[in-house]
Amino acid sequence: MTPAELAALHAAAFTRDRPWSAEEFASLLDSPFVALTTRPGGFALTRTIVDESELLTLAVDPARQRRGIGRALVHDWITALPPETTSAFLEVAADNTPARALYASLGFAEVATRRAYYARSTGPAVDACILRRTLTHGHSGN
């Protein structure tokens with residue numbers, strides 16, 4: 001996917017948040033630590049440094065949500081990590097109940113909160129829940 005395609009899908013998936021621009025995606029993709037994983041209808045952008053990996057963003061076309069694409073993207077991310085990676089983490093909006101349920105079902109646990117982290121186009125800012133999963137050798141994505 002091109003940076004413009006990533007930005008368009010991100011904007012469609014995150015209608016209440018400020019979407020990331022094509023320039024922001026292009027800059028991230030230029031980083032040697034960032035990886036892009038795609039599936040038809042979605043993508044995950046991750047950054048792995050030393051023994052820790054972060055899910056920067058995951059977007060699924062709203063017309064294709066709740067069909068296993070997000071689960072498959074997380075699985076692809078975790079199983080592709082180098083064996084020395086010991087933890088994976090992400091931030092998710094506190095009001096994103098479907099995403100929080102997905103991550104919990106995949107072994108992620110809440111470890112902290114960033115207060116008023118996500119600015120909304122309308123209404124007050126929403127907390128970010130920081131979720132972490134300890135990884136073992138072999139990194140089963142499920």
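The values are calculated or read from the model by the stated rules, or taken from the named source; none is laboratory data. Everything numeric in this text was worked out from a predicted model, so none of it was measured. Virtual Cβ from ideal backbone geometry, glycine too; neighbours counted across all protein chains shown.
Give me a count of the residues in the stretch 75-123 that are modelled with pLDDT of 95 or more, aromatic (F, W, Y) and over 14 Å from the mean Cα position of the chain (by Cα).
0
Criterion first (farther than 30 Å from P124 by Cα, surrounded by fewer than 16 Cβ atoms within 10 Å (Cβ to Cβ) and either in contact with a helix residue (DSSP H, G or I) (Cβ under 6 Å, 6 or more places away or on another chain) or in contact (Cβ under 8 Å) with a residue 12 or more places away in the chain (or both)) does T79 satisfy it?
Considered against the rule, which asks whether it is farther than 30 Å from P124 by Cα, surrounded by fewer than 16 Cβ atoms within 10 Å (Cβ to Cβ) and either in contact with a helix residue (DSSP H, G or I) (Cβ under 6 Å, 6 or more places away or on another chain) or in contact (Cβ under 8 Å) with a residue 12 or more places away in the chain (or both), T79 comes out as yes.
Name the single residue, out of those in the stretch 45-68 being hydrophobic (A, V, I, L, M, F, W, C) and within 12 Å of the chain's Cα centre (by Cα), that is surrounded by the fewest Cβ atoms within 10 Å (Cβ to Cβ). Even if it seems obvious, please write down each step before you answer.
Taking the stretch 45-68 as the starting set, the residues that turn out to be hydrophobic (A, V, I, L, M, F, W, C) are 45, 49-50, 55-56, 58-60, 63.
Next, from what is left, pick out any that are within 12 Å of the chain's Cα centre (by Cα): 45, 55-56, 58-60.
Values: L45: 23, L55: 22, L56: 17, L58: 23, A59: 25, V60: 24.
That would be L56.
Inspect the stretch 94-113 for any residue being assigned to a strand (DSSP E or B) and either within 22 Å of L6 (Cα to Cα) or among the β-branched types (V, I, T) (or both) and give the result as yes or no. Break it down stepwise before answering.
The first filter runs over the stretch 94-113 and keeps only residues assigned to a strand (DSSP E or B), leaving 109-113.
If we keep only those that are either within 22 Å of L6 (Cα to Cα) or among the β-branched types (V, I, T) (or both) too, we end up with 111, 113.
Yes, because at least one residue in the stretch 94-113 is assigned to a strand (DSSP E or B) and either within 22 Å of L6 (Cα to Cα) or among the β-branched types (V, I, T) (or both).
Restricting attention to the stretch 111-133, does a residue exist that is surrounded by 18 or more Cβ atoms within 10 Å (Cβ to Cβ), touching a residue at least 60 places away in the same chain (Cβ under 8 Å) and of a type in the set (A, V, I, L, M, F, W, C)?
No.
Which of the residues that make up the stretch 1-49 are in contact (Cβ under 8 Å) with a residue 24 or more places away in the chain and among the aliphatic types (A, V, I, L, M)?
Residues satisfying the conditions are M1, L6, L9, A12, A13, L28, L29, A35, L36, A44, L45.
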